[in-house]
Amino acid sequence: MLSFPRHLALLEQEYERLRAAAEAAGPGVPVPACPGWTLADLVSHVAEVYLHKAEILRRGAPPEPWPPPPDPAGPVRYLDRACAELRGELAAREPGEAVFTWYDPDQTVGFWARRMALESVVHRVDAELAAGLPVSPVPEDLALDGIDEILVVMLAFETGKYAAEFGDGLAKADGRPVAVVAGEERWLVRATPAGVEVARGERAAEAGAVAATAAATVAGAPQDVLLWAWGRQGTEGLTVSGDGELVERLRWLLKESTQ
């Protein structure tokens, strides 16, 4: 995982990129990655997420009632205000300070710094794609962090805690491993009826997370793997081998665990 200062710096960078894309295209442009949304909807959503987390940091618990009324100044000004409040609340705290999160294993301020940096990069890509702009490169360390987050914090945690909600997509899983390889990093992902197990780094290597022994492999540059995992691109740029049904099941489980 990246350091707290690095997450804060990346949050700022990705907010600025998102803002620039929204300003370049205008509020009414549709967002292909978020059907039914315009750029105004996307920017307002991110602003609302920022404010929600700022309130959690202030209160130590989710705010009620929520959400607040729309900002009359418009989506971009709303985003500016929300990011300023979130930035201030994060900067005033230590990463290990206790605070509510939805992820049971990590109840710290650092969790929200990481989550907001990664929320920002995914929606920044959404905004750039909607605006017809080239997608700015995702920093490699952030992309790797994001892959780890979606596999461990979202997929493994959500399927383990709420296995029944994934229906046959999980109930019929047989535990055969899929290797996810991004640059020099790798994860071994096993879906079982009880949930998804993820081994990473050295543990993944020890578990046999190599293309030769995995039932399927998804491999590519960190940015391409991250955007595939989040459903922001297909398998272009990736090397996919082995059992295609296992890869499709993994992608479906990723989608369901991040809704």
Note on region 65-104: residues of a type in the set (V, I, T) and either out of contact with any strand residue (DSSP E or B) (no Cβ under 9 Å at 6 or more places or on another chain) or closer than 11 Å to S44 by Cβ (or both) are V76
Quick check on my filter: what residues within region 222-244 are crowded, with 19+ Cβ neighbours inside 10 Å and touching a Phe, Trp or Tyr at 6+ places or on another chain (Cβ under 8 Å)?
L238
Looking at region 7-40, which of its residues are over 15 Å from E119 (Cα atoms) and not hydrophobic (A, V, I, L, M, F, W, C)?
E23, G26, P27, G28, P30, P32, P35, G36, T38
Based on what the data block shows, is A179 buried (at least 22 other Cβ atoms within 10 Å of the Cβ), out of contact with any Asp or Glu (no Cβ under 9 Å at 6 or more places or on another chain) and small (G, A, S)?
yes
Of the residues in region 111-125, those that are more than 12 Å from the chain's Cα centre (by Cα) and surrounded by fewer than 24 Cβ atoms within 10 Å (Cβ to Cβ) number 1
Single residue of W66, W37 found to be without any contact (Cβ under 8 Å) to a residue 12 or more places away in the chain, in the same structural domain as A84 (by TED's automatic domain parsing) and aromatic (F, W, Y)
W37
For region 14-21, does any single residue satisfy the condition of being among the hydrophobic types (A, V, I, L, M, F, W, C), out of contact with any Pro (no Cβ under 6 Å at 6 or more places or on another chain), under 20 Å from R232 (Cβ atoms) and buried (at least 18 other Cβ atoms within 10 Å of the Cβ)?
yes
Determine whether L151 is surrounded by 18 or more Cβ atoms within 10 Å (Cβ to Cβ), within 30 Å of T213 (Cα to Cα), in contact with a helix residue (DSSP H, G or I) (Cβ under 8 Å, 6 or more places away or on another chain) and at pLDDT 95 or above.
yes
Can you tell me how many residues in region 166-178 are part of a loop (DSSP other than H, G, I, E, B) and either under 15 Å from D243 (Cβ atoms) or touching a residue at least 24 places away in the same chain (Cβ under 8 Å) (or both)?
5
If K53 satisfies every condition in (1) under 19 Å from the mean Cα position of the chain (by Cα); (2) farther than 20 Å from V76 by Cβ but one, which is the exception?
(2)
For E202, work out the one condition from (1) modelled with pLDDT under 95; (2) surrounded by 17 or more Cβ atoms within 10 Å (Cβ to Cβ); (3) not in a loop (DSSP other than H, G, I, E, B) it doesn't fulfil.
(2)
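The values are calculated or read from the model by the stated rules, or taken from the named source; none is laboratory data. Values in this document were obtained by computation on a predicted structure and should not be read as measured data. For neighbour counting, all protein chains shown are included, and Cβ atoms are generated from backbone atoms with ideal geometry for every residue, glycine included.
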